[in-house]
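K.L.:
First, the structure itself, so that you have it in front of you.
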Amino acid sequence: MAPARGLGGLDAAALAGTPRGRLPAVCALSLQDLCLAIEAVEAEAGGGSAAGLTAANSVSASGQGDPATSAGRPPLPSASPPSTGPGADGSGTPAMGPGQPVDPVVCAAAAVVRLPALTERLLALLFHPSAPVCSPHAAAFASRALAFACAAPDDRAEVAHHLVATAALCHEAEAGVSREGVAGRLAMAASVFPCVAAGVLLWCRGFIASSTLTTGAVYRADAHAVVRLAAKVAELQPRLAPRALVVLRRALRVHRPGSAGLEANAVRQAALSAVVRIMATANSALLALEMLQAEISTHSLDAGLARSVVATVLEAASPDYTRGFVRSLLLLLQALAARGAHEALPHSARARAVAAARWAAKSLPGSGSPARWTQATVAVAHEVEAAYD
C-alpha cells in the first residue's frame, strides 16, 4: 500500500471527523490510497461480494436505516468483507473469493470507505455549496469511493459518473436554480440513484441559507425552486424524505431583513406546504409532525403560519389514525394551544381536532400500548379536547 498522499491535506481520518486513534490505522490513507484499496478488494473478490448496506441505507438520515428497495430497484449491496471461513487450503484464512486470502489492510480500507461519517464527508466534498469546487482529480476519487460504498459492483461506474456530473450541475445552479430547466435536470439526476439524490439534498440544504440568496425577487424564485426540488426528491426517493425535511426546516428558519423578509415568509409558507406533501410519503408522517411541533413550540413560526399548517394537517389527516400518528398529532395541537394560537382556527379544523382527541381517549386504552404511554397520551387528548372544544 502506498504511503499517504493527501489532496490538499485531505485524508480519510479528516473526512470521517473521527480521531485517528479510534479508527484503524488505514484511516491515514488519502482518497487515492482508498481507491487503490478498492481496486485490490474488487480484484480479490472478482467484482465484489453481495452483502451489506443498500444505497438508500448508506445515505439515510441516521446513516444506517433498514434494508429496503428504493424506487423499485432491488437492494444495492456494498462490497462488505465476508465473515471468516475456511480458505481453499483449509487453513481457516478469510477469503474474499474462492481460495483468495484477504489482506487485512485491504479489508480495513474497505470498511473505512463504508463508514457513514466518511460517506457524508465525501458527499459534502462534492456537493456542499460552501465547499470549494473539487479538482477533477479529487472529484474522481471521491465519487469512486462513494460508488464503492453505496452501489452494486455492476452499477459503480455509472454511479460515479452520475455523482460527478450532478455535483457539477449543482455548482452551476448556484448562478440561478430557478432558471428554466435547472431544477428539472437536478430532479431527473436524483431519480436514478439514492446516493446522487442525497448529494442533491445536501446541496439544497446549504444553498437555501446561502448568502447568495439576499434580494427579493431573486431570493423568492430561487428559494421556491429549491423547496420544490427537495419535495420532488422526497417523492422520487421516499427513503430520503428525512433529508428533505432537513432542507425544509432550514427554509423555515431563514430570516431576511426588510423587503426580503416578506419574501422569506412566502418561502416559509411554501416550505410548510412541502412538509405536508412529504407527510404522505411512507414512514415520513411522524417525522414531519415532530418537526412541525418543534417549530411551533420554539416559536420559529409566527402564529399565522402555525395555524395555517395545523389546519392543513387536520384537513389531510384520516380518522383511521395509527397510535403513533395520533399521539404526534395531539402533541402538535397541544403546542399550538400552548401559544394561544388555536382560537382563530376555522371551526371545521377545531372540530377535527376535538374528534382526534376523543378518538384517542376512547381507542387507546386497551389497545395493547404500554400503560404509561397510553396514560400520557390520553392526558394530552383530554387537554386538547378541552382547549379546542
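K.L.:
Go through region 285-294 residue by residue and turn each phi into a ³J(HN,Hα) via Karplus (6.51, -1.76, 1.60, θ = phi - 60°); whole Hz please, and just put x for glycine and proline.
P.N.:
Running phi through 6.51 cos²θ - 1.76 cosθ + 1.60 with θ = phi - 60° gives 4, 5, 4, 5, 5, 4, 5, 5, 4, 5 Hz.
K.L.:
Taking every pair of alpha-carbon atoms in region 233-354, what share in percent sits in each 10 Å bin, from 0 to the bin with the longest distance?
P.N.:
13, 46, 34, 7, 0
K.L.:
Across bins of 10 angstrom width beginning at 0, how are the C-alpha pair distances of region 334-375 distributed, in whole percent?
P.N.:
26, 39, 28, 7
K.L.:
Can I ask one more? Which net charge results for the neighbourhood of Leu245, defined as the other residues with beta-carbon distances under 12 angstrom from its beta-carbon, given Lys and Arg at +1 and Asp and Glu at -1?
P.N.:
Residues close to Leu245 contribute a combined charge of +3.
K.L.:
For an R0 of 22 angstrom, estimate the FRET efficiency from the Cβ-Cβ distance between Arg339 and Ala379 and round to the nearest 0.05.
P.N.:
My answer for the efficiency is 0.70.
K.L.:
Now for a separate question. Can you give the FRET efficiency to the nearest 0.05 for Asp389 and Ser318, using r as the Cβ-Cβ distance and R₀ = 22 Å?
P.N.:
Computed FRET efficiency for Asp389 and Ser318: 0.55.
K.L.:
Let me ask something additional. Taking the Cβ of Ala306 as the center, what net charge do the other residues with Cβ under 11 Å away carry, scoring Lys and Arg +1 and Asp and Glu -1?
P.N.:
Its environment carries a net charge of +1.
Coordinate-derived values only; no laboratory data. Computed from a predicted model, the values in this text were never measured in an experiment. FYI the Cβ positions are ideal-geometry reconstructions off the backbone, even for glycines, and counts take in every protein chain you see.
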